[in-house]
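Enquirer: Dumping the structure here so I can ask a few things about it.
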Amino acid sequence: MKKILLLLTLILVISSSYSQYNCSQRDGTFRYEVKLYIANVITDFDKDDLIDHIVALDNISNTDLNTLVEHITLVYKTFPSQNPHRTVTVFSTTEIYPILDSLDNSIEFQYCVLNSCPRSDGTFHYYALLTLLEVPLDFNKDDFINLIVGLDTISNEDLATLNTHITSVYKAFPTFQSPFLQRVVSIEATSELFQILDELNNSIEHHECLEEPVLDITNHEQIKNAIVYPNPISEDSVIELNMNSSKVRIELINSLGQILHQEKVLGKSIIELKNLPIANGISILKIYDLANGGIKTLKIVKQK
């Protein structure tokens with residue numbers, strides 16, 4: 001299940017990219033998702049638990065500790081329904097990315113939460129993990145609105161915004177075998193909805209922006225900061241990194257949510273794929289920019 005959760009985290013933050021430490025939200029706060037070195041995050045994990053975890057495992061300065069204590073306002077388990085699960089969401093009133101990045105014994109990695117979702121065509125796309133245990137194959141916009149009205153208290157204004165601007169809702173991964181991924185829906189809209197979705201805690205367990213597709217299944221296409229060429233994968237395929245970072249972490253995940261390979265890469269702009277255990281079909285390659293707090297997600301294909 002942990003591996004499936006990592007795939008969901010991968011998918012939900014697909015193609016998210018950030019300038020250095022650009023973790024600010026529209027209300028002036030800062031928001032992160034943080035993967036801990038811990039067996040499992042308990043359901044009611046909170047700020048005090050996070051501080052205790054850090055103090056127990058890391059030699060943190062009094063100045064940095066005071067900053068965390070003063071400015072962190074909220075901490076909760078990112079996917080409350082899942083066990084085991086190691087990721088928490090952290091809110092702060094100031095930028096704390098550099099402090100989190102220095103806590104190597106208590107925190108495996110962290111990244112900024114993206115809350116602005118515009119695409120070049122003016123549309124907005126999201127992935128949402130619903131609280132429903134079973135999402136019908138033909139789940140649509142009407143079903144989504146009915147779910148919200150039935151489970152959440154939503155203002156007439158926000159409800160009107162959803163009805164007006166949502167253009168499509170559908171199961172994001174209908175062919176995936178994981179029951180967990182079966183609960184994820186894709187939402188397409190003509191207006192920014194992140195803040196409204198953020199308030200619907202009874203119907204939506206978690207949601208993320210979905211930016212422009214990072215890499216389509218073509219022979220050679222560069223989107224933003226990474227290229228896989230050629231794709232579909234061959235013995236000659238490589239990842240070319242065009243980012244201002246000398247420290248990245250890569251994870252290769254198959255369609256079942258299993259992590260097949262993970263490693264840290266230092267000082268390389270070209271990474272060969274021939275030695276990675278890439279399965280036939282579609283896989284996901286996730287690249288963490290450990291210096292700047294960004295994530296790149298690539299869809300790769302290996303033909304039989």
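The values are calculated or read from the model by the stated rules, or taken from the named source; none is laboratory data. Bear in mind the structure is a predicted one, so any value in this text is a computation, not a measurement. No Cβ is skipped: glycine too gets one built from the backbone with ideal geometry, and neighbour counts run over all protein chains shown.
Enquirer: Just to check your reading of the model, which residue among LEU210, LEU147 is aliphatic (A, V, I, L, M), modelled with pLDDT of 75 or more and under 21 Å from GLU33 (Cβ atoms)?
Expert: Answer to the check: LEU210.
Enquirer: Restricting to the stretch 157-173, count the residues that are assigned to a loop (DSSP other than H, G, I, E, B) and exposed (fewer than 13 other Cβ atoms within 10 Å of the Cβ).
Expert: Number satisfying all stated conditions: 0.
Enquirer: Could you say whether any residue in the stretch 268-284 is modelled with pLDDT under 80, within 30 Å of TYR76 (Cβ to Cβ) and either buried (at least 16 other Cβ atoms within 10 Å of the Cβ) or aromatic (Phe, Trp, Tyr) (or both)?
Expert: The answer is no, given that none of the residues of the stretch 268-284 is modelled with pLDDT under 80, within 30 Å of TYR76 (Cβ to Cβ) and either buried (at least 16 other Cβ atoms within 10 Å of the Cβ) or aromatic (Phe, Trp, Tyr) (or both).
Enquirer: Do we have THR131 as surrounded by 11 or more Cβ atoms within 10 Å (Cβ to Cβ) and under 19 Å from ASN202 (Cα atoms) here?
Expert: yes
Enquirer: When residues of the stretch 120-159 are filtered for being farther than 24 Å from PRO174 by Cα and among the charged types (D, E, K, R), how many remain?
Expert: 4
Enquirer: While we're looking at this one, here's another question. Listed residues SER120, SER155, SER92, SER102; which is within 30 Å of ILE54 (Cα to Cα), out of contact with any strand residue (DSSP E or B) (no Cβ under 8 Å at 6 or more places or on another chain) and among the small types (Gly, Ala, Ser)?
Expert: Working: SER120 fails: within 30 Å of ILE54 (Cα to Cα); SER155 fails: within 30 Å of ILE54 (Cα to Cα); SER92 fails: out of contact with any strand residue (DSSP E or B) (no Cβ under 8 Å at 6 or more places or on another chain).
Result of the check over SER120, SER155, SER92, SER102: SER102.
Enquirer: Can I ask one more? Tell me, which residue of the stretch 265-304 that is in a loop (DSSP other than H, G, I, E, B) and polar (S, T, N, Q) is nearest to VAL228 (Cα to Cα)? Before the answer, list the steps.
Expert: Filtering the stretch 265-304 for residues in a loop (DSSP other than H, G, I, E, B) gives 267-269, 273-280, 290-293, 303-304.
Next, only the ones that are polar (S, T, N, Q) stay: 269, 275, 280, 292, 303.
Details: SER269: 12, ASN275: 15, ASN280: 16, ASN292: 21, GLN303: 15 Å.
Ranking the qualifying residues of the stretch 265-304, first place goes to SER269.
Enquirer: Is the stretch 50-66 home to any residue that is in contact with a strand residue (DSSP E or B) (Cβ under 7 Å, 6 or more places away or on another chain), surrounded by 14 or more Cβ atoms within 10 Å (Cβ to Cβ) and either modelled with pLDDT of 95 or more or of a type in the set (Val, Ile, Thr) (or both)? Break it down into steps so the answer makes sense when it comes.
Expert: So in the stretch 50-66, the residues in contact with a strand residue (DSSP E or B) (Cβ under 7 Å, 6 or more places away or on another chain) come out as 50, 53.
Filter again for surrounded by 14 or more Cβ atoms within 10 Å (Cβ to Cβ), leaving 50, 53.
In the following step, the residues that additionally are either modelled with pLDDT of 95 or more or of a type in the set (Val, Ile, Thr) (or both) were identified as 50, 53.
There is at least one residue in the stretch 50-66 that is in contact with a strand residue (DSSP E or B) (Cβ under 7 Å, 6 or more places away or on another chain), surrounded by 14 or more Cβ atoms within 10 Å (Cβ to Cβ) and either modelled with pLDDT of 95 or more or of a type in the set (Val, Ile, Thr) (or both).
Enquirer: Which count do you get for residues in the stretch 236-264 that are modelled with pLDDT of 75 or more and either in a strand (DSSP E or B) or more than 25 Å from TYR111 (Cα to Cα) (or both)?
Expert: 18
Enquirer: Among the strands (runs of 3 or more DSSP E) lying completely within the stretch 75-156, list those that include at least 2 residues that are under 26 Å from LEU57 (Cβ atoms) and in contact (Cβ under 8 Å) with a residue 12 or more places away in the chain. Steps first, answer last, please.
Expert: Numbers: elements: 87-92, 107-112, 124-130.
Qualifying strands (runs of 3 or more DSSP E): 87-92, 107-112.
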